[in-house]
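Quick notes on the structure that follows.
The values are calculated or read from the model by the stated rules, or taken from the named source; none is laboratory data. The structure displayed is predicted, hence computed values, not measured ones. For neighbour counting, all protein chains shown are included, and Cβ atoms are generated from backbone atoms with ideal geometry for every residue, glycine included. Heads up: the accessible areas ignore ligands, DNA and RNA and are worked out on the full protein's heavy atoms, side chains in. Shrake-Rupley method; radii C 1.70, N 1.55, O 1.52, S 1.80 Å.
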Amino acid sequence: MNEITLDATDWRLLELLQEDASRSNQALAEAAHVSPPTCLRRVRRLVEAGLIARQVALLDGDRLAPLLGHGLTALVEITLDGQDAARLDAFEARAVAEPAVQQCYRVSPGPDFVLVVRSRDMPDYLALAQRLFHADAHVRNVKAFFSLKCAKFKPKMPLAH
């Protein structure tokens, strides 16, 4: 990636986009105190530089619960029987390929991975555990913590500038 320099306007745009990326260019420009063409040009530059990876819609699980069921969220610690690159890479590839795995972190010290898993119900989680954990001879330990309540979920990067 080429070196990019950000000014106060770029930082403001990043903050505003993290709050609500669905704003029109006109509304975003107004909030950032720049002209719409300047806003569009700067946002494109931030995307091209890779600072904005993608824009997604965050769904409200509580409002979807009557349609989908409440679901099950688990934070899962995984320890492998060895930490060589091939083993770690192989498990990581399998984990990120699973649709139920929302987040996958390779961590240290402690377990090798921490996963955030969202499944329909306990039988669905057990099927995932069988595929991902129990069928892998290199998985030594699995510790799952099941969420009772999510007190905060803010996928906003703190921008100290």
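Across the chain, Cα pairs under 8 Å and at least six residues apart give a relative contact order of 24 percent.
Only protein atoms count toward the accessible area here, which uses a 1.4 Å probe; on the range 35-77, the carbon and sulfur part of that area reaches 57 percent.
A simple count of charges around Gly69, restricted to other residues whose Cβ falls under 10 Å of its Cβ and scoring Lys, Arg +1 and Asp, Glu -1, yields -1. Evaluating 6.51 cos²θ - 1.76 cosθ + 1.60 at θ = phi - 60° for every residue in the range 32-39, the Karplus couplings come out as 8, 6, 9, 6, x, x, 5, 4 Hz, glycine and proline recorded as x. Using θ = phi - 60° in the Karplus curve 6.51 cos²θ - 1.76 cosθ + 1.60, the 3J(HN,Hα) couplings for the range 142-152 round to 10, 10, 10, 10, 9, 6, 8, 7, 9, 7, 7 Hz; x is entered for Gly and Pro.
At a probe radius of 1.4 angstrom, the accessible area of the chain per residue rounds to 69 square angstrom.
Estimated from the Cβ-Cβ distance and a Förster radius of 35 angstrom, the FRET efficiency linking Ala8 and Asp62 is about 0.45.
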